[in-house]
Amino acid sequence: MDICGLTPQLKSIAPEPATREDIELFHLPSYIDKVKELSDANGGDAGQIAIVGRGSYEIALLSAGGAMTAVDSVMDGNVQIVLFIRGLMVRMITELLPVETIIFL
C-alpha cells in the first residue's frame with residue numbers, strides 16, 4: 001500500500017480487544033476456558049480445528065475486537081469501506097456487512 005501511494009489515504013482505526021462476554025456470544029464458556037488455559041501454558045489442541053499457541057487467547061480477543069470495530073465503523077458511518085486481512089473473523093465480517101464495504105487481503 002505504501003508503494004502505490006494508498007497509505008496516506010487510509011484512516012487507521014485502532015481495535016479494542018473483545019470481552020469474554022462478546023466471545024461467549026459465539027463460543028461455550030467451557031471452550032473459552034480451554035483456549036485460555038492452553039494459551040497460558042504451552043499451547044495445544046483446543047478442538048474444533050483450533051490449535052492454540054502461547055498467547056493465542058489475547059491475539060484472538062484482539063482479532064475479534066478488530067472485526068467488531070470494523071463493523072461498528074461502517075455501521076456508524078465513520079468509514080465507507082474496511083480493509084480486512086483474512087483471518088479468524090472473516091465469517092463474522094461477511095455476515096454483518098455488505099460485501100461491497102469490505103476489501104480482503
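Determine the relative contact order of the stretch 26-66: mean sequence separation of Cα pairs under 8 Å and six or more apart, normalised by residue count, in whole percent.
Result for the stretch 26-66 is 31 percent.
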(message) If each residue of separation counts as 0.36 nm, what is the full-extension length gain between Glu16 and Asp76 once their alpha-carbon separation is subtracted?
(response) 20.0 nm
(request) Sort the following peptides by mean Cβ neighbour count (other Cβ atoms within 10 Å, averaged over residues), highest first: 18-26, 53-61. (result) 53-61, 18-26
(message) Give me the net charge for the shell around Met68: Cβ to Cβ below 10 angstrom, other residues only, Lys and Arg +1, Asp and Glu -1.
(response) -3
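Coordinate-derived values only; no laboratory data. Bear in mind that the values here come from a model prediction, so they are computed numbers and not experimental data. Neighbour counts run over all protein chains shown; Cβ positions are idealised from the backbone, glycine included.
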